[in-house]
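A.B. asks: My questions will all concern the structure given below.
The values are calculated or read from the model by the stated rules, or taken from the named source; none is laboratory data. As the structure is a prediction and not an experimental result, all values here were calculated from the model. Every residue, glycine among them, receives a Cβ derived from its backbone with ideal geometry; neighbour counts consider all protein chains shown. Ligands, DNA and RNA are stripped out before the accessible areas are found, and what is left, the full protein with its side chains, is counted by its heavy atoms. Shrake-Rupley method; radii C 1.70, N 1.55, O 1.52, S 1.80 Å.
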Amino acid sequence: MPRDTTNANIPERTPTGESRLALVRRARRTYRELTGLYPDAHCELNFTTPLELLVATILSAQCTDKRVNQVTPTLFAHYPDAEAYASADRDELEGIIRPLGFFRAKANSLVGLGSALCEQHGGEVPGNLADLVKLPGVGRKTANVLLGNAFDVPGITVDTHFGRLVRRFGWTDEEDPVKVEHAIGGLFPPKDWTMLSHRVVWHGRRVCHARRPACGACGLARWCPSFGEGPTDPETAAKLLRMRSFA
């Protein structure tokens, strides 16, 4: 039976109107530039175990990594394992994480997380997406952070910075985080996914700000279709840079 070729010659739509091949090439060239700009990019949440990273990532919702890192040393000392979270005294737990905001909801997630890990996984954090997203307080973003940084399993973490930048870059026009994840995953080999996530986020925090991106001081200007959304004068743009650690 002949193959249906009705749509075979219709080019795939891209956000900027360039060909799919041109988009892939531009995206990968942009990533090479990001690699040069941020060779030491990494997860800015402090942790030593998968459980610590999972807890820290849950706590980072609507909060800065810097503030989370100020609280977690005390938290991790009080709750060294899943059983400790499952049996936590609620007043004590809430008191420790109160500075991070939404502390009651986050305490619920941590207690539920500890219980689920003990009841379903022998107290250990699973290393696969399917099991992780079933845990209290864990969605795809949190799961991908954990997989990429604690288990070396490639994953794309779509947080606010990442979604904003990949749309500015013209890599996708999707808004839904899962659709963004799949769209960007199709532009890069899996081996790049975890570090791509870090480097895009670092650029978003330091240069490509939400309100006033430092376009005139951006090393990606040549490859960015959104150049000009922020000041293009180099001296003006340089004053907007935040080239510091967020840990």
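A.B. asks: With 202, 193 as the choices, which residue is open to solvent by 10 Å² or more (accessible area, probe 1.4 Å), within 23 Å of residue 214 (Cβ to Cβ) and either in a helix (DSSP H, G or I) or touching a His at 6+ places or on another chain (Cβ under 7 Å) (or both)? Steps first, answer last, please.
C.D. replies: Details: 193 fails: within 23 Å of residue 214 (Cβ to Cβ).
It is 202.
A.B. asks: Which one of 35, 57 is touching a residue at least 12 places away in the same chain (Cβ under 8 Å), closer than 30 Å to residue 192 by Cα, surrounded by fewer than 21 Cβ atoms within 10 Å (Cβ to Cβ) and within 18 Å of the chain's Cα centre (by Cα)? Can you show your working first?
C.D. replies: Numbers: 57 fails: surrounded by fewer than 21 Cβ atoms within 10 Å (Cβ to Cβ).
The conditions single out 35.
The rows are residues; the columns are (1) modelled with pLDDT of 95 or more; (2) touching an Asp or Glu at 6+ places or on another chain (Cβ under 9 Å); (3) over 21 Å from residue 66 (Cβ atoms).
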position	(1), (2), (3)
182	yes, yes, yes
185	yes, no, yes
189	yes, no, yes
192	yes, no, yes
209	yes, no, no
221	yes, no, yes
238	yes, no, yes
246	no, yes, no
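One line per residue, one yes/no per condition, for (1) surrounded by 16 or more Cβ atoms within 10 Å (Cβ to Cβ); (2) within 12 Å of the chain's Cα centre (by Cα); (3) on the phi > 0 side of the Ramachandran plot:
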| position | (1), (2), (3) |
| --- | --- |
| 118 | yes, no, no |
| 136 | no, no, no |
| 141 | yes, yes, no |
| 144 | yes, yes, no |
| 147 | yes, yes, no |
| 155 | yes, yes, no |
| 160 | no, yes, no |
| 164 | yes, yes, no |
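A.B. asks: Here's something else I'd like to know. What's the total number of residues in region 60-89 that are in contact with a Cys (Cβ under 7 Å, 6 or more places away or on another chain), open to solvent by 10 Å² or more (accessible area, probe 1.4 Å) and among the small types (Gly, Ala, Ser)?
C.D. replies: Count: 1.
A.B. asks: In addition: Considering only region 70-137, give the helices (runs of 4 or more DSSP H) lying wholly within it that have at least 1 residues that are under 14 Å from residue 54 (Cα atoms) and in contact with a helix residue (DSSP H, G or I) (Cβ under 9 Å, 6 or more places away or on another chain). Spell out how you get there, then give the answer.
C.D. replies: Values: elements: 82-86, 90-97, 103-121, 129-132.
Correct list: 82-86, 103-121, 129-132.
A.B. asks: Restricting to region 208-247, give me the number of residues that are open to solvent by less than 50 Å² (accessible area, probe 1.4 Å), in a loop (DSSP other than H, G, I, E, B) and farther than 19 Å from residue 32 by Cα.
C.D. replies: Number satisfying all stated conditions: 9.
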